[in-house]
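S.K.: The structure that follows is given in the form of structure tokens.
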Amino acid sequence: MATFVLVHGAFQGGWVWGRVDEALTELGHRVHRPTLGGCGLHRARPEAALGLGQYAQELVQYLKDEGLINVTLVGHSYAGLVCSLAAAALPEAVVRLVLVDGVLPKPGLCFADIAGEPFGKMLAAHALPGGLVRPWPLESFGVSPEAAAWFQERLGPFPLAAFTEPCPQDFQFSEAKRAFISCIPAKTPLLRLMANRAESEGWDVHALMSGHCAMVSAPLELSGLLH
């Protein structure tokens, strides 16, 4: 039995992991799926001031408050950054780090830096007043037409600062075992780059035929890989 902590990507919430939670629980694992500040059930009160550092600290505090040890920390997409920082901050608690189409941090760079100029243009196009960003077009998430309405009505704005706050200059990955699950076919250069980088850095890399949000488009297959 393992203890999984499943962390959602931008614009989403802990709700997105529901079916994976059910499948892993049936297999005998313990599952937590926290919701980051201003997201999910908190989306009616978005918090523009939240950035990468604050989100990582939120996750660290969650792990401490729940008294979790021997954790397999799973981050999707944007949460790759958050989970990587949290794993480095709590090496005594996080024994495995798994990124699902996740973004790997680089010291001194923010999400927007890593993603490059095309992402910067999309970020500007989706900017809202007050330092928030509205969700990307639905096709970016790779969910099925059957799940589209259910998925979209649960999305909420995300803080711009989360994309523009850089990773600390002194960041180093923890000694936790690391795996990367690449949802293929990758539809963006960023996701292909992240999968290639993970492989070149010695991560245990797996391919999964699914849309970007595999927890929605292929929850049983993703649960099987995590198991």
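S.K.: Mind ordering 76-89, 16-29 by average Cβ neighbours within 10 Å, highest first?
M.R.: Working: 76-89: 25.3, 16-29: 17.7.
Answer by packing, highest mean first, reads 76-89, 16-29.
S.K.: Right, here's the next one. If you take the charge dipole of the chain about its Cα centre, with +1 on Lys and Arg Cβ and -1 on Asp and Glu Cβ, which of T35, L128, Y62 is farthest toward its positive end?
M.R.: L128
S.K.: Still on this structure, I have one more. Can you compute the charge dipole magnitude of the chain about its Cα centre, using +1 on each Lys and Arg Cβ and -1 on each Asp and Glu Cβ, nothing else charged? Give it in debye, rounded to the nearest 20. Write out the running numbers ahead of the final one.
M.R.: Working: 16 positive and 21 negative charges, 51 e Å.
Taking the Cα centre of the chain as origin, the dipole is about 240 debye.
S.K.: If you don't mind, another one. Report the net charge of residues surrounding L90, where surrounding means a beta-carbon distance below 14 angstrom and charges are Lys +1, Arg +1, Asp -1, Glu -1.
M.R.: Values: positive: K64, R96; negative: E58, D65, E66, E92, E175.
It works out to a net charge of -3.
S.K.: Modelling each spin label as a point 7 Å along the Cα-to-Cβ direction, I'd like the N196/A2 distance in nm, to one decimal.
M.R.: Placing both labels 7 Å along Cα→Cβ, they lie 2.8 nm apart.
S.K.: Sticking with this structure for a sec: Short version: ³J(HN,Hα) in whole Hz for each residue of region 156-172, in order, from phi by Karplus 6.51 cos²θ - 1.76 cosθ + 1.60 (θ = phi - 60°), x for Gly and Pro, what are they?
M.R.: Per-residue couplings from phi come out as x, x, 10, x, 4, 4, 5, 8, 10, 7, x, 5, x, 4, 9, 5, 9 Hz.
S.K.: Springs between alpha-carbon atoms under 10 Å, Gaussian network over the chain: tell me which of S182, S140, S174 tops the mean-square fluctuations.
M.R.: Largest GNM mean-square fluctuation: S140.
S.K.: Still on this model: Using Cα pairs closer than 8 Å and at least 6 residues apart in sequence, work out the relative contact order for region 57-108, in percent. All intermediate terms of the calculation are to be shown ahead of the outcome.
M.R.: Numbers: 76 pairs, mean separation 21.7, N = 52.
Relative contact order of region 57-108: 42 percent.
S.K.: Next question, about the same structure. Can you give the extra length, in nm with one decimal, that the chain gains between L27 and F173 once fully stretched, where that is 0.36 nm per residue apart less the Cα-Cα distance?
M.R.: Working: separation 146, 0.36 × 146 = 52.56 nm, distance 2.93 nm.
That works out to 49.6 nm of additional length.
S.K.: Using Cα pairs closer than 8 Å and at least 6 residues apart in sequence, work out the relative contact order for the chain, in percent. Before the final figure, lay out each step's value.
M.R.: On the way: 463 pairs, mean separation 55.3, N = 227.
Taking the mean separation of contacting Cα pairs over the length of the chain, I get 24 percent.
S.K.: Accessible area per residue of the chain at 1.4 Å probe, in Å²? Display every interim value, and only then the final one.
M.R.: Working: 10060 Å² over 227 residues.
In whole numbers, the chain has 44 Å² accessible per residue.
S.K.: From the backbone phi of region 12-18, what are the Karplus-calculated ³J(HN,Hα) couplings (6.51 cos²θ - 1.76 cosθ + 1.60, θ = phi - 60°) in whole Hz, Gly and Pro given as x?
M.R.: 9, x, x, 4, 5, 9, x
S.K.: Something else: Taking a ≥ b ≥ c as the square roots of the Cα gyration tensor eigenvalues, with a/c under 1.5 meaning rounded and otherwise prolate when a/b beats b/c, else oblate, which class fits region 124-202?
M.R.: On the way: a/c = 2.32, a/b = 1.29, b/c = 1.80.
Oblate shape, in that a/c is at least 1.5 and b/c is the bigger or equal ratio.
S.K.: Between region 184-226 and region 64-115, how far is it from one alpha carbon centroid to the other, in angstrom?
M.R.: Using only Cα atoms, the two centres lie 16 Å from each other.
S.K.: What FRET efficiency, computed as 1/(1 + (r/R0)^6) with R0 = 30 Å and r the Cβ-Cβ distance, is obtained for D204 and Q152, rounded to the nearest 0.05? Walk me through the numbers before you get to the answer.
M.R.: Working: r = 33 Å, r/R0 = 1.10.
Approximately 0.35, to the nearest 0.05.
S.K.: Once amide H atoms are built 1.01 Å from N in the peptide plane, which residues 5 or more positions from D204, or in another chain, come under 5 Å H to H?
M.R.: Excluding prolines and chain starts, which carry no amide H, the hits are R178, A179, F180.
S.K.: Using θ = phi - 60° and the Karplus relation 6.51 cos²θ - 1.76 cosθ + 1.60, list the HN-Hα couplings for region 118-134 in order, rounded to whole Hz, with x at every Gly or Pro.
M.R.: Result, ordered by residue: x, 5, x, 5, 5, 4, 5, 5, 9, 5, 10, x, x, x, 10, 10, 7 Hz.
S.K.: Relative to the present Cα-Cα distance, how much length would full extension add between R19 and A125 at 0.36 nm per residue of separation?
M.R.: 34.9 nm
S.K.: Under the rule of at least 5 residues apart or a separate chain, name every residue whose amide H is placed under 5 Å from the amide H of A10.
M.R.: Y78, A79
S.K.: Given the protein chains as shown and a 1.4 Å probe, how many square angstrom of T164 are accessible, to the nearest 10?
M.R.: The accessible area of T164 comes to roughly 70 Å².
S.K.: Let me have the relative contact order for region 13-130, percent, based on Cα pairs under 8 Å that are six or more residues apart.
M.R.: Details: 126 pairs, mean separation 20.7, N = 118.
Relative contact order of region 13-130: 18 percent.
S.K.: Would you pull out the residues with amide H under 5 Å of S210's amide H, same chain only if 5 or more places away, H placed 1.01 Å from N?
M.R.: Amide H neighbours of S210: I184.
The values are calculated or read from the model by the stated rules, or taken from the named source; none is laboratory data. Every value quoted in this text rests on a predicted model; they were computed, and no experiment measured them. Note that each Cβ is placed from the backbone with ideal geometry, even for glycine, and that neighbours are counted across all protein chains shown. These area figures cover heavy atoms from the full protein model, side chains too; ligands, DNA and RNA do not enter into them. Shrake-Rupley method; radii C 1.70, N 1.55, O 1.52, S 1.80 Å.
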